[in-house]
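The values are calculated or read from the model by the stated rules, or taken from the named source; none is laboratory data. Predicted model only: the values in this text are computed from it and were never measured. Cβ placement follows ideal geometry from the backbone for every residue including glycine, while neighbour counts extend to all protein chains displayed. Remember, those area values only see protein heavy atoms, side chains included, never the ligands or the DNA or RNA. Shrake-Rupley method; radii C 1.70, N 1.55, O 1.52, S 1.80 Å.
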Amino acid sequence: MSELAVRMAQAGGPEVMVLASVVLADPGPGEVRIRHVACGLNYIDIYHRSGAYPLPTPTGLGMEGSGVVEAVGPEVTHLAVGDRVAYASQPAGAYATARVMPARCVVRLPEFLSFEQGAAMMLKGLTVQYLLRKTLPQDGLQSGDFILFHAAAGGVGLIACQWAKALGLQLIATAGSDDKCALALRHGAAFAINYQRENFADRVREITGGAGVKVVYDSVGATTWEGSLASLRPFGLMVSFGSASGAVPPIALSALAGKALYLTRPSIFVHLSSQAATQAMADDLFEVVRSGAVSIEVENRYALKEVQQAHREMESRRTTGSGVLLV
Ligand code: NDP
């Protein structure tokens, strides 16, 4: 049966993404076929499309989705035909009406979550799960600790604001406009700084009484790197997990010496390397949503054929929160 999928022959601008007919094979060992209801939009899709994170071409795009299991390959024991499911996974290929993919990345979607929420929360929510719960400095995060979270009004950011508040953390948000700052505050950030207008490192020093924060979560990269290091307290942890403004230039290790800083550059896909790890992280995420501490709101909806527009809006910093492509 023929399906529709977004494909690109080479990296480039939004125009390289085209809708094409594809024929799906039956799922092989360890695989399932999923009929999508929604596909998540993530900034990593921009890196893939633009070539900032190169993919072998031709390729599909998209790392997150939700839908219904349509066929199950041999050796898959945790899923059955008809299950409502969601996933965050490699390889790329979620922007499609249906796909065949490794079952170990896929979890059952609880009834209290809609398909749209499932597609909007897996990659972003599991990222926040590992950032706040697994990427800890030497003595862990404690209630009352200050953390700095850049791009806090984005998809990952709004989940982080809510989850950090639930953990009792004082999240200092940065965002690119006053409206975005207000949004981060409404989602639980303790403070918000418009880093287009203000020197965020100076403001962080003021807010923390000169001490600095325990952890910086930096997905912006080139434009925030220096200020992020300056915002850390001694023995603080720099978590560089993205580069929306461009890659961080090569650094001298001596840049960490003055405050004996720790540095990590994590990837969610290392955390999601087994079905057991994925399920444990998803259970933690589902529970924080079920409890009401974190709400998953879909801010931006597009049809699959509007994928170019979706990328243009995301890339030009016009979006807030999570977005999905509806199939
Ligand atoms: P967002 O919705 O947060 O969009 C990216 C945001 O980055 C923009 O909205 C913008 O917010 C900010 N930004 C700052 N400078 C620029 C710039 N020059 N161009 C474009 N945007 C800029 O995306 P996601 O929620 O999908 O992802 C957030 C980040 O987390 C991304 O960098 C992503 O790659 C990273 N990530 C990393 C993972 C990992 O495991 N390493 C996993 C998942 C996501 P503002 O206008 O407020 O500055």
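Results, tabulated for the structure shown:
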| quantity | calculated |
| --- | --- |
| Residue list for segment 21-58, given a label point 7 angstrom along the Cα-to-Cβ vector of Ser2 and an amide N cut-off under 17 Å | 21-25 |
| Net lengthening on full extension, Arg312/Ser245 (0.36 nm per residue, minus Cα-Cα) | 22.6 nm |
| Amide H partners (placed H, <5 Å) of Val76, local residues excluded | Gly30 |
| Reachable lysines from Lys165, criterion Cα separation under 24 angstrom, eight or more residues apart if same chain | Lys124, Lys134, Lys180, Lys214 |
| Distance in nm between pseudo-label sites at Arg133 and Ala80 (7 Å out along the Cβ direction from Cα) | 2.7 nm |
| At R0 = 35 Å, FRET efficiency that the Cβ-Cβ distance of Ala280 and Glu226 yields, to 0.05 | 0.45 |
| Rounded to 5, percent antiparallel among DSSP beta bridges of the chain | 55 percent |
| 222 nm mean residue ellipticity, helices alone, for the chain (DSSP H n ≥ 4; -39,500 (n - 2.57); rounded to 500) | -8500 deg cm²/dmol |
| Dipole moment magnitude, nearest 20 debye, segment 1-93 about Cα centre, only Lys, Arg, Asp, Glu C-beta charged | 160 debye |
| Exposure rank, largest accessible area first [Thr224, Thr57; 1.4 Å] | Thr57, Thr224 |
| Three-way shape call for segment 238-327 based on the alpha-carbon gyration tensor, with the a/c threshold at 1.5 | oblate |
| Solvent exposure of the chain as accessible area per residue, Å², 1.4 Å probe | 40 Å² |
| Cβ-derived FRET efficiency at R0 45 Å, Ala257 paired with Asp26, nearest 0.05 | 0.20 |
| Inter-part distance where segment 32-74 and segment 239-291 are each reduced to a Cα centre, Å | 21 Å |
| The chain - percent of accessible surface contributed by carbon and sulfur, probe 1.4 Å | 54 percent |
| Spatial separation of Cα centroids for segment 97-149 and segment 154-168, in angstrom | 11 Å |
